[in-house]
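Right, one structure below, let's go through it.
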Amino acid sequence: MSHSSPRRERSRFMKRHISKHAVTIDTSKARSNADVVKMCVKELGLIEFPCGRKDAGCDIYWHELHFDDNPSPSGGKVNKFPGMEDICSKMTLFRCLDTMRELYPTDYDFYPRTWYLPAQFEKFSSEVQKMKEKRKKLRQTFIIKPYGGSSGEGIYLLKEPKDYISAYPSKRGMCHVAQEYMANVYLIDDFKFDFRIYVVLKSLEPLEFYICKEGLARFSTVPYQSPTKKNMHETFMHLTNYSLNKRSKTFSHSEEVDEGSKRTLSSVMSRIDMNGQDSRQVWEDIENVVCKTVVAIVPEAKVAMHRSIAPGKSDPTYFQVLGFDILLLNDLKPILLEINGSPSLFMDSEQEISPGVTKYVRSTKDEEVKFPLIRDTLLLVMSPHKRKHCEKKRRKRMMHLKKLRSSHDSLIARPSSEVMTCIQTYDDKEVQDVEKGKEEVEDTMNQQMSDLYVDVDLPQFMENYHSENEHEQENVIEEGEHHDPYEDDEPHLEDNCLKQLYPGLYREECDQFRTLERAARLYINFVGVRKSPGMSSSAFRTFVRKCELSKKGLTNAAVDIMYIDLQRRWDHMNPGSSTTCLSFQAFLDACFEIARNSFSAPTKIEMLNGVLSYCESQLHLKENET
Ligand code: ADP
């Protein structure tokens with residue numbers, strides 16, 4: 001007879017008792033996101049594995065930072081796309097946008113003109129010179145940001161490109177982006193602010209993404225003035241990062257809706273309306289910026305996804321919450337500043353209570369935005385039948401709550417999160433229930449309930465709860481046959497905070513800009529095996545041969561020269577990350593060059609379409625031949 005260790009027994013037990021309808025979530029890498037994720041776990045009745053799950057995979061994996069944090073879980077849904085961190089870095093993001101601006105100049109006008117330094121220093125200097133010649137009184141300021149930087153670190157303003165060179169020797173090896181500083185910004189109470197807009201990329205193939213209807217506005221803490229040589233160094237005036245401004249003496253922690261250095265997006269929108277301007281138009285413009293930006297990064301994301309997964313592994317699926325930083329110009333035009341692949345989900349604010357002593361205080365504004373965002377994101381990525389089950393359970397809990405509330409006036413004064421926690425605590429105990437015995441659980445539950453609500457009729461509540469749960473089981477098994485008493489009731493759940501942008505509302509607008517995904521498909525086709533760092537010279541030659549580009553005048557010698565030239569150019573743009581292969585951006589350059597030489601047309605986009613259609617048709621012919 002074999003004896004299992006108590007631990008193994010326990011895990012066998014746990015495994016057996018996780019209902020097939022339950023949603024499991026691995027939060028072992030959630031780190032600073034753990035707080036909000038745990039709240040959602042409770043609210044939605046998920047089964048959490050805070051130390052990871054050994055006996056089986058989880059439905060969802062939540063990582064704070066990188067896809068790589070968890071060495072390729074097989075199956076499940078992972079909350080980071082591979083390679084997204086690099087795509088969101090300033091250099092890659094603005095390159096993607098620049099490529100789109102080349103193709104669609106009038107549509108991609110929502111981000112500051114950007115140069116990559118030091119590689120484009122000459123271009124930066126000469127273009128600024130030209131700008132000055134055009135507009136004699138031009139007093140343009142530039143903002144310099146480290147390539148992979150975040151939280152405002154290493155950012156400074158300058159007036160003349162030559163000032164970059166004088167700063168550069170001490171920063172040898174560092175790359176920066178230089179941008180036009182948008183000086184003419186919309187102010188509230190004299191302060192500069194930017195929006196943090198949350199976007200959920202649910203899937204790349206097929207493309208599906210959402211915008212969160214609520215967001216945050218982060219304010220600088222020194223009244224704004226246009227940049228001058230005197231005030232250029234005033235970080236708290238020109239930068240709106242929370243991570244910087246929280247250190248300012250004038251940072252306001254006010255929890256009042258229309259006050260404080262951090263506010264909700266909706267409160268700022270109301271202010272815009274109060275000022276007699278149209279916040280609905282502003283929101284629509286922001287949605288447009290989000291759509292165009294997502295479309296611009298999707299080709300890179302597809303390439304990165306292909307590259308990251310080792311051959312033979314069963315792929316998980318991915319989703320990601322992205323933070324878009326958007327500034328409003330004085331005329332309310334939104335300007336994209338950056339995308340954050342791991343936006344802060346922290347719900348506490350840091351407050352210095354005495355010199356050097358900091359305490360963390362729950363920020364209701366952060367909670368108001370981040371909790372529904374993550375809750376609805378989790379619901380969004382669940383498989384439909386699990387989501388249905390989850391929503392049903394949640395609805396029932398809400399109904400119980402309603403009953404409790406109506407029969408006990410004293411409850412009304414309590415915050416709903418407190419009540420939810422209490423009821424969910426019981427739900428979490430379901431698994432332990434088997435081991436500990438129902439009585440013990442009920443004792444604990446009773447204790448918790450009585451601690452919170454002295455005058456609740458507990459025995460009655462528990463009885464109702466058990467009978468509802470049993471009823472629910474039956475309903476799940478024989479879905480559709482039983483009448484669920486709650487089915488007809490109003491759900492009483494808050495509205496979903498996520499709004500589908502694609503393929504919903506903006507399908508047509510986005511589709512007209514999705515040309516580069518065709519180029520990404522070609523690239524992936526020839527990059528070959530996964531985990532490859534890029535397109536090798538032989539893969540590039542194969543691309544030219546299979547697409548029969550020689551018929552368009554491309555000789556073998558020209559192909560080799562083009563390859564070496566592109567490789568050199570792109571190595572120069574990315575010092576420190578030199579590879580012997582062509583990146584996707586370099587491959588796009590190759591397509592543009594071929595287009596210029598052999599597919600002449602009035603516009604760049606028409607030329608590119610010419611190359612892509614030609615290559616696609618050649619490959620299609622080849623496929624049919626084999
Ligand atoms: P980081 O990733 O380090 O936060 P950002 O690009 O978000 O870098 O810039 C930090 C802050 O600087 C922004 O929140 C914004 O207030 C300000 N800022 C950045 N770029 C510009 C710009 N082009 N024009 C005006 N202000 C800018």
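The values are calculated or read from the model by the stated rules, or taken from the named source; none is laboratory data. Predicted model, so just to flag it, every value in this text is computed and none were measured. FYI the Cβ positions are ideal-geometry reconstructions off the backbone, even for glycines, and counts take in every protein chain you see. Side chains are part of the model used for accessible areas, which takes the heavy atoms of the whole protein and leaves out ligands, DNA and RNA. Shrake-Rupley method; radii C 1.70, N 1.55, O 1.52, S 1.80 Å.
The table below lists the values:
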{"quantity": "Placed amide H near residue 216: partners under 5 Å, 5+ positions off or other chain", "calculated": "196, 265"}
{"quantity": "By average C-beta atoms within 10 angstrom, highest first, the peptides 294-301, 116-123", "calculated": "294-301, 116-123"}
{"quantity": "Net charge, residue 499 excluded, C-beta distance under 11 Å - Lys, Arg +1, Asp, Glu -1", "calculated": "-3"}
{"quantity": "Heavy-atom accessible surface of the range 16-164: percent carbon and sulfur, 1.4 Å", "calculated": "50 percent"}
{"quantity": "Extension gain, residue 511 back to residue 317 (0.36 nm per residue minus Cα-Cα distance, nm)", "calculated": "67.5 nm"}
{"quantity": "Residue-normalised accessible area of the range 237-307, given per residue in Å² at a 1.4 Å probe", "calculated": "41 Å²"}
{"quantity": "Carbon and sulfur %, accessible surface of the range 271-381 computed with the full protein complex present, 1.4 Å", "calculated": "50 percent"}
{"quantity": "Accessible area of the range 27-128 divided out per residue, in Å², using a probe of 1.4 angstrom", "calculated": "36 Å²"}
{"quantity": "Among 224-232, 590-598, the order from most to least packed when residues are scored by Cβ within 10 Å on average", "calculated": "590-598, 224-232"}
{"quantity": "Sites residue 572 and residue 189, calculated FRET efficiency, Cβ-Cβ separation with R0 56 Å, nearest 0.05", "calculated": "0.75"}
